[in-house]
Structures are given as structure tokens and as C-alpha cells.
Amino acid sequence: VQVNVIAPQYRGTFKDQSYPLAPTPKMVHVGDVTQGYVELTNTGTQPWVAGVTKLAPIPRDMPSPLAGSSWLSPTRASTVEADVPVGAVGRFPLPLDATAVGDYEQGFGLVEEAVTWFADAPLGGGPADSFLKVHLVVVPKGASLDAGLAPGEGGVEGPGATPSEA
């Protein structure tokens, strides 16, 4: 028996992010635009191409309530600033717009536009959808950033930042 193992063409390994790791929330005021980033190491066999390799909210192709005017579209947050060769680290800018009071846990995934999602074999090898997460708690202007919201209190929660079923 001959076994031929083929490495995925599109794979990213988590390196760092500027936001606290979920479930720890980042507290912001409504109307704030938070600037951040996610960094991944290209561990696939293909380079990541600026404008083609993108960070996207999960669920796939659904607008994020945290999308802002600086995003590529409501369903694509950003792309790497320059091509990322295999073995190098790519940084995806991740600005989040706090347009409504609530509790948001937004998952993200990587997509090689018009080719594959990184989570989908055989071309993709990860990370899995929503492995990359940001927990953002948006409070009213003037409210303490230490207060937060009680679970289920008038917010949005869950892996795709969908309205709560409370």
C-alpha cells in the first residue's frame, strides 16, 4: 500500500492578536471604532496574496454587526497588506465598529477568494471557522468600561454574533 500525504495549500497557524483572547471581552463605548489585528503564520504550500487572501466573519458570507466602513465589504474584514510567503507571518488588520450596545462574540475565518476557505479540505488545512474569535462588549456612551453587560442582557452573542434568543 502506498500512502501519499499532500500538505494543504492554504493553512494558517495562529501567531498573535491585539484583542484579548475570547472569552475575555474588550469593553468599548457605542460609536467607538476599535483598531486591532490578527497575525497568522503561513504554514501551507502557497503564498498568501494581498487582495485575495482575506479575513472574513463567520458564519460565511453573512454580514457582521461589527463591520465598518474600513472593511473590504460587510462579509470581508481585511486582507494582508503584502504577499506572505510560506513560513512568514501575515497581519490582517481588524477594525471593529461598535454601532450598537450589546455583547458580541464574533468568529473569523480565512478565505482564499474564489479558491477555498482555509477550513475546507483538500486545499485548506485550517484554522477552523471561528477558531479566531473576538469578544466585544459595547456599552452606552459615558458608561464605565468596567461594568459590562450581564449575560443575555440586550445584546448579541454566539459564534456568528447573531441576535440572542433570550
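Please label the shape of the chain as rounded, prolate or oblate, based on the square roots a ≥ b ≥ c of the eigenvalues of the alpha-carbon gyration tensor (a/c under 1.5 means rounded; beyond that, a/b larger than b/c means prolate, else oblate).
Values: a/c = 2.39, a/b = 1.99, b/c = 1.20.
Cα axes put the chain in the prolate bin.
Using a 1.4 Å probe on the protein heavy atoms, what percent of the accessible area of the chain belongs to carbon and sulfur?
Numbers: 4600 of 8090 Å².
Here carbon and sulfur together make up 57 percent of the probe-accessible area.
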Scan around Ser130 for amide H atoms under 5 Å from its own, H built in the peptide plane at 1.01 Å from N, and keep only partners 5 or more places away or cross-chain. Phe108, Gly109
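Classify the stretch 13-100 from the C-alpha gyration tensor, please: rounded if a/c falls under 1.5, else prolate or oblate depending on whether a/b exceeds b/c.
Numbers: a/c = 2.24, a/b = 1.61, b/c = 1.39.
Note, shape of the stretch 13-100 comes out prolate.
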Amide H proximity to Thr45 below 5 Å, modelled H, separation 5+ or other chain, gives Gln9, Tyr10, Arg11
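If you place +1 on the Cβ of every Lys and Arg, -1 on the Cβ of every Asp and Glu, and leave all else neutral, what size is the dipole of the chain about its Cα centre, to the nearest 20 Debye? Could you put the intermediate results ahead of the total?
Details: 9 positive and 17 negative charges, 59 e Å.
That gives a dipole near 280 debye.
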Would you kindly derive the ³J(HN,Hα) couplings of the stretch 103-118 from the backbone phi angles with the Karplus curve 6.51 cos²θ - 1.76 cosθ + 1.60 (θ = phi - 60°), listing them in order in whole Hz, with x for Gly and Pro? 10, 10, 10, 9, x, 9, x, 10, 9, 9, 3, 6, 10, 6, 7, 4
For the chain, modelled as a GNM with alpha-carbon contacts under 10 angstrom, which of Gly107, Gly36, Gly44 fluctuates the most? Gly36
Taking the Cβ of Trp117 as the centre, find all other residues whose Cβ is under 14 Å away and add up their charges (Lys, Arg: +1; Asp, Glu: -1). -1
Could you work out which residue, out of Ala22, Ala114, Ala88, moves most in a Gaussian network model of the chain, that is, has the largest mean-square fluctuation with Cα springs under 10 Å? Ala114
Non-local residues with an amide H under 5 Å from the amide H of Gln17, with H modelled 1.01 Å from N and Pro and chain starts lacking one, are Glu39
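How long is the gain from Asp146 to Val5 if the chain were fully straight, where each residue apart is worth 0.36 nm and the alpha carbon distance is subtracted? Could you put the intermediate results ahead of the total?
Values: separation 141, 0.36 × 141 = 50.76 nm, distance 5.01 nm.
Taking 0.36 nm per residue and subtracting the Cα distance, the gain is 45.8 nm.
For the stretch 1-46, run through the trypsin sites (Lys or Arg not before Pro) and keep only the ones in DSSP coil with at most 16 other Cβ atoms within 10 Å of their Cβ. It would help to have the intermediate numbers written out before the result.
Values: sites: Arg11, Lys15, Lys26; in loops: Arg11.
Qualifying residues, ordered by number: none.
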So how far apart, in nm, are the two label points at Asp16 and Ala128 if each is 7 Å from Cα heading toward Cβ? 2.6
Distance from the stretch 96-141 to the stretch 30-90 (C-alpha centre basis), Å: 9
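The values are calculated or read from the model by the stated rules, or taken from the named source; none is laboratory data. Nothing here was measured: the structure is a model prediction, and the numbers come from that model. Cβ coordinates were reconstructed from backbone atoms using ideal geometry, including for glycine residues, and neighbour counts include every protein chain displayed. Just the protein is used for accessible areas: all its heavy atoms, side chains included, with ligands, DNA and RNA removed. Shrake-Rupley method; radii C 1.70, N 1.55, O 1.52, S 1.80 Å.
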